[in-house]
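The values are calculated or read from the model by the stated rules, or taken from the named source; none is laboratory data. Remember, it's a predicted structure, so these values are computed and weren't measured experimentally. Cβ sites come from the backbone with ideal geometry, for glycine too, and all protein chains shown count toward neighbours. Keep in mind that these areas ignore ligands, DNA and RNA; they rest on the heavy atoms of the full protein, side chains included. Shrake-Rupley method; radii C 1.70, N 1.55, O 1.52, S 1.80 Å.
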Amino acid sequence: MSVKNEFTKHAEDYNNNNIIQQIIAKALVRETNSKPKTILELGCGSGQVYKNINWDIDKYYAVDFSESMCKLHPKNEKIEINCFDFDSEEFFEFLKNKYFDLIFSSSAMQWSKDLSKLVENLKLSCDGINAVLFTSNTFKTIQKITNKKSPILTKEKIKEAFLNSFDCEFEVYNYNLEFEDKKVMFDYIKNSGVSGGNSLSFKNAKKLYKEYKLNYLEFEVIFVKTISKS
Ligand SMILES: C[S@@+](CC[C@H](N)C(=O)[O-])C[C@H]1O[C@@H](n2cnc3c(N)ncnc32)[C@H](O)[C@@H]1O
């Protein structure tokens, strides 16, 4: 299943399965030094980033390619929601002749098909980017047991993509999310929007159930703050 369909299918459950996303969206906004007035957000989902903004803004452009997720985003006269794929030419056209004080993105840019190209295009339209992305170390023990590669970029690739266009600060954090019940834990992966629709065969699912000894899921995220254009 494609990433877009995965988010569309689980949109209604997303708000109950996104504890880590909520924590990092809050941290992303909290760690912003300036109070930008014109903001673009990539992969806005149900509005976890917007909901944490506690200063006056002029305009908030929210972009997400899943219509179901866009429907969940808060709405008011200052918010413009656009259903774009941030890797598409349509989105790059939208960027032309626009300028944003800051671009935010939380838990979304790891899905870019060409992160270097995306960041390069964003560079022309903003003063800076504050983003947090999941890395390929998310669910690392599950990948080891099932012998499946993460669909998400490594932190090295993420750093490289941003450094092509900006001087940046990076911070990597690991989170463990504990569960009392194994089934609930594995269901959480499906609904959380971090699996990328990478479903397991019956054989692999059985192996995972037997061999996964942890009572928690592993997440790794990287916070990216651009400092200046390079
Ligand atoms: C894990 S959710 C995060 C949503 C929100 N930013 C949050 O912090 O809760 C990732 C979002 O990115 C969107 N997304 C993923 N790839 C995208 C793309 N190529 N273009 C636009 N949106 C994308 C998904 O539809 C989804 O709403």
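Does the range 47-57 contain any residue that is of a type in the set (D, E, K, R), modelled with pLDDT of 95 or more and closer than 13 Å to Asn130 by Cβ?
To start, the set of residues in the range 47-57 that are of a type in the set (D, E, K, R) comprises 51, 56.
Within this subset, residues satisfying the condition of being modelled with pLDDT of 95 or more are 51, 56.
Checking the rest, the ones that are also closer than 13 Å to Asn130 by Cβ come to none.
No, the range 47-57 contains no residue that is of a type in the set (D, E, K, R), modelled with pLDDT of 95 or more and closer than 13 Å to Asn130 by Cβ.
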Could you say whether any residue in the range 120-135 is over 25 Å from Arg30 (Cα atoms), open to solvent by 10 Å² or more (accessible area, probe 1.4 Å), assigned to a loop (DSSP other than H, G, I, E, B) and within 16 Å of the ligand (Cβ to nearest atom)? no
Tell me yes or no: at least one residue of the range 198-205 is more than 23 Å from Met69 (Cα to Cα), open to solvent by 20 Å² or more (accessible area, probe 1.4 Å) and either among the basic types (Lys, Arg) or modelled with pLDDT of 95 or more (or both). yes
What single numbered condition from (1) open to solvent by less than 30 Å² (accessible area, probe 1.4 Å); (2) over 19 Å from Glu120 (Cα atoms); (3) within 11 Å of the ligand (Cβ to nearest atom) fails to hold for Ser88? (2)
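Can you go through Ile152, Ile227, Ile222, Ile158 and tell me which one is part of a strand (DSSP E or B) and open to solvent by less than 20 Å² (accessible area, probe 1.4 Å)?
Numbers: Ile152 fails: part of a strand (DSSP E or B); Ile227 fails: open to solvent by less than 20 Å² (accessible area, probe 1.4 Å); Ile158 fails: part of a strand (DSSP E or B).
One residue alone meets the criteria, Ile222.
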In the range 100-117, anything open to solvent by 10 Å² or more (accessible area, probe 1.4 Å), in contact (Cβ under 8 Å) with a residue 60 or more places away in the chain and in contact with a helix residue (DSSP H, G or I) (Cβ under 7 Å, 6 or more places away or on another chain) is listed as Ser106, Ser107, Trp111
Return the pair list, or none, for Cβ contacts closer than 8 Å from residues in the range 37-61 that are in contact (Cβ under 8 Å) with a residue 24 or more places away in the chain and more than 10 Å from the ligand (Cβ to nearest atom) to residues that are open to solvent by 50 Å² or more (accessible area, probe 1.4 Å) and not acidic (Asp, Glu), at least 6 apart or on different chains. Lys37/Lys59; Thr38/Lys59; Thr38/Tyr99; Ile39/Lys59; Leu40/Lys98; Tyr61/Lys98
Mind checking which residues of the range 132-176 are within 15 Å of Trp111 (Cα to Cα), among the basic types (Lys, Arg) and in contact (Cβ under 8 Å) with a residue 60 or more places away in the chain? Lys155, Lys159
From the option list Asp85, Asp13, single residue qualifying as at pLDDT 95 or above and acidic (Asp, Glu) is Asp85
Answer yes or no as to whether Phe186 is without any contact (Cβ under 8 Å) to a residue 60 or more places away in the chain and surrounded by 15 or more Cβ atoms within 10 Å (Cβ to Cβ). yes
Taking the condition of being out of contact with any Lys or Arg (no Cβ under 7 Å at 6 or more places or on another chain), of a type outside the set (Phe, Trp, Tyr) and either over 22 Å from Ile20 (Cβ atoms) or open to solvent by 60 Å² or more (accessible area, probe 1.4 Å) (or both), how many residues in the range 36-79 meet it? 13
Can you pull out every residue in the range 100-109 that is more than 8 Å from the ligand (Cβ to nearest atom) and in a strand (DSSP E or B)? Phe100, Leu102, Ile103, Phe104
